[in-house]
Amino acid sequence: MKGMDKFVQLSKEAGPIGVFDSGYGGLTIYDEIKKLLPEYDYIYLGDNARTPYGTRSFDVVYEFTRQAVDYLFRQGCQLVILACNTASAKALRTIQQVDIPLCDPNRRVLGIIRPTVECVGDITKSRHIGVLATEGTIKSLSYPLEIRKLFPEIEVTGEACPMWVPLVETNEFAGEGADYFVKRHIDNLLSRDPEIDTIILGCTHYPILIEKIRKYTPEGINLITQGAAVAASLKDYLRRHPAMDALCTKGGTTLFCTTEAGGKFGDQASLFLNYPVEVKNVVLV
Ligand code: DGL
């Protein structure tokens, strides 16, 4: 990792848990984590100035994610959650296998695709699953690959929804324009496999569109959002890794950081979280 290997010494002290997304979407994951594990300290980082990641190349998503993890490590986070499917699909493996061993082998970066996939086996009856996600996540084939590892008999069909993240980031998710794009992709997905009985919303922005997604999804089809599964998986991870748990400070605080103007982020974040937040502007390099 350019940059991380330049570290002379990262702090060995306990620090907050880092939660990263390309923008606001990761707040849907943070919100559930915070509800389940309120005693920990957190730093939420949204790279709003460069969102969306979903249409960007592998190299660019990796480089942006690397910079974000680098920033969170420098703030003292020993554990970072990539609360972004696109970053989990395109950057997680390289960061885990190449970069962390170079900078500090004791630090951990966890993704959100595996914990999401673990729960689907109990939910689908038809064994046909749909995945709605960004173009980057769909093209990476991360969902079908992870699902097949655990449930080889399940059929997986993916549909990229490139307009959904911009609808959320621009606060257009409740308007009529959103209906057109939401319906179109759900119809496309179900026409490609009419046996689908379970749809994974494989992008952390999509729960913000949940009302419209429900409106255009036929009754009887299960919709899977990720927040609760990721939070439960993190709780379990901390229980199984007491040494890492001891390196996560417990003061109940959260620092929200964005690469965009802080005021703009604060207004939007308050809408998603239903409470006001203080925001710090940061630069990623
Ligand atoms: N929220 C992110 C995800 O889960 C990506 C959004 C984007 O930047 O395209 O994939």
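Here are the numbers for this structure:
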item: Cα centroid separation - region 80-127 against region 213-279, whole Å; result: 15
item: Greater than 24 Å apart at Cα, pairs in K139/K183; K125/K215; K90/K183; result: K90/K183
item: Selected from Y44, C84, L27, residue furthest toward positive end of dipole (region 1-112; charges at beta carbon); result: C84
item: Per-residue HN-Hα couplings for region 181-186 [Karplus 6.51, -1.76, 1.60; θ = phi - 60°; Hz; x = Gly/Pro]; result: 6, 5, 4, 4, 6, 5
item: Excluding exposed DSSP-loop trypsin sites (Lys or Arg not before Pro) (at most 12 other C-beta within 10 Å), longest clean stretch of the chain; result: 126-285
item: Degrees, to the nearest 10: 58-74 long Cα axis against longest axis of the chain; result: 40
item: Overall form of region 140-285 per C-alpha gyration tensor (a/c, 1.5; a/b vs b/c); result: oblate
item: The chain: relative contact order as a whole-number percent, Cα under 8 Å and 6+ apart; result: 27
item: Degrees, to the nearest 10: 262-273 long Cα axis against longest axis of the chain; result: 50
item: Candidate lysines - alpha carbon under 20 Å from K280, same-chain residues fewer than 8 apart omitted; result: K34, K264
item: Gyration tensor (alpha-carbon) shape descriptor, the chain, a/c threshold 1.5; result: prolate
item: 222 nm mean residue ellipticity, helices alone, for the chain (DSSP H n ≥ 4; -39,500 (n - 2.57); rounded to 500); result: -12000 deg cm²/dmol
item: Helix 227-240 axis, angle to the chain major axis (alpha carbon atoms, nearest 10°); result: 40
item: Length released on extending from I123 to A261, taking residue separation times 0.36 nm less the Cα-Cα span; result: 45.6 nm
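Every number here is computed from the coordinates shown, using simple stated rules; none is lab data. Model, not experiment: these values are computed from the prediction. Positions of Cβ are generated from backbone atoms using ideal geometry, with glycine treated the same way; all protein chains shown enter the neighbour counts.
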